[in-house]
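Student: For reference, the structure I am asking about is given below.
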Amino acid sequence: MEFKSLDDAHLVVLLRNGSAFAFKELYERYWYYTYHLAIKKTGRTDVAQEMAQQLFETLWDKRDRLRIDNFKAYLTSSLKNLVIDYVRRHILEASYLEQLRMHFPEARAQAGRQLEYDELSDTITELLHQLPQKTRQVFIMSRFEYYTIPEIARQLNLSEKAIEYHLTKALSFLRKHLKEYMTLVILGILS
């Protein structure tokens, strides 16, 4: 079967039935479109690439439940939701960092400690971006958005064990990479 000659609607039907060839054709037709659109919305090529990949990964994972009339509109809408989530996470991260600043008021008064604190905040932000997308998403939902493990599992369509795994992975990663900053954290808590 020549998939390049099929329109999107036929490819979606084939994809719904599990055709990897139909998925490949849709991916080749629209990956750059979603990537380019994500760059325009986020201004970051790394984030745009991750969003485009995530979009098609989700498409494949949910292929048997697809009910799409206009594939390009579906992609655009799905990408819009990913961009909204991305912006919301950045707002939550900024809020989290501001809460850290509130817990370390003496750090603002002392230039040396302020520098250390700013470095810690930057490091936490960088470390969060180094986590795999799903692990970062689970961590942010748990620690910044205050969702419970069962709530996260339902929203992400994962098992509670998978959520626990992602949280453990994130916390272990952060602990490992934040050892050098533990003294600052302890001083901030004790003062």
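Student: Output the qualifying pairs, or none if there are none: Cβ atoms under 9 angstrom, residues six or more apart or on different chains, first residue in the stretch 150-175 and in contact (Cβ under 8 Å) with a residue 40 or more places away in the chain, second residue part of a helix (DSSP H, G or I) and open to solvent by less than 30 Å² (accessible area, probe 1.4 Å).
Tutor: Between residues of the stretch 150-175 that are in contact (Cβ under 8 Å) with a residue 40 or more places away in the chain and residues that are part of a helix (DSSP H, G or I) and open to solvent by less than 30 Å² (accessible area, probe 1.4 Å), the close pairs are F173/L127; F173/T135; L174/I124; L174/L127; L174/L128; L174/F139.
Student: Restricting attention to the stretch 132-175, report how many residues are open to solvent by 60 Å² or more (accessible area, probe 1.4 Å), of a type outside the set (D, E) and in a helix (DSSP H, G or I).
Tutor: Total meeting the criteria: 10.
Student: Which residue is surrounded by the fewest Cβ atoms within 10 Å (Cβ to Cβ), if the candidates are limited to the stretch 111-123 and must be modelled with pLDDT under 75 and under 22 Å from T168 (Cα atoms)?
Tutor: Keep residues of the stretch 111-123 that are modelled with pLDDT under 75, which gives 111-121.
Okay, now just the ones that are also under 22 Å from T168 (Cα atoms), so 120-121.
Numbers: L120: 21, S121: 19.
Across the stretch 111-123, the extreme among qualifying residues is S121.
Student: Scanning for something on the phi > 0 side of the Ramachandran plot and at pLDDT below 90, does the stretch 26-46 turn up at least one residue?
Tutor: Taking every residue of the stretch 26-46 in turn, at least one turns out to be on the phi > 0 side of the Ramachandran plot and at pLDDT below 90.
The values are calculated or read from the model by the stated rules, or taken from the named source; none is laboratory data. Fair warning: this is a prediction, and the values are worked out from it, not measured in the lab. When we count neighbours, we look across all protein chains shown, and the Cβ atoms used for this are built from the backbone with ideal geometry, even at glycine. Accessible surface areas use protein heavy atoms only, side chains included; no ligands, DNA or RNA. Shrake-Rupley method; radii C 1.70, N 1.55, O 1.52, S 1.80 Å.
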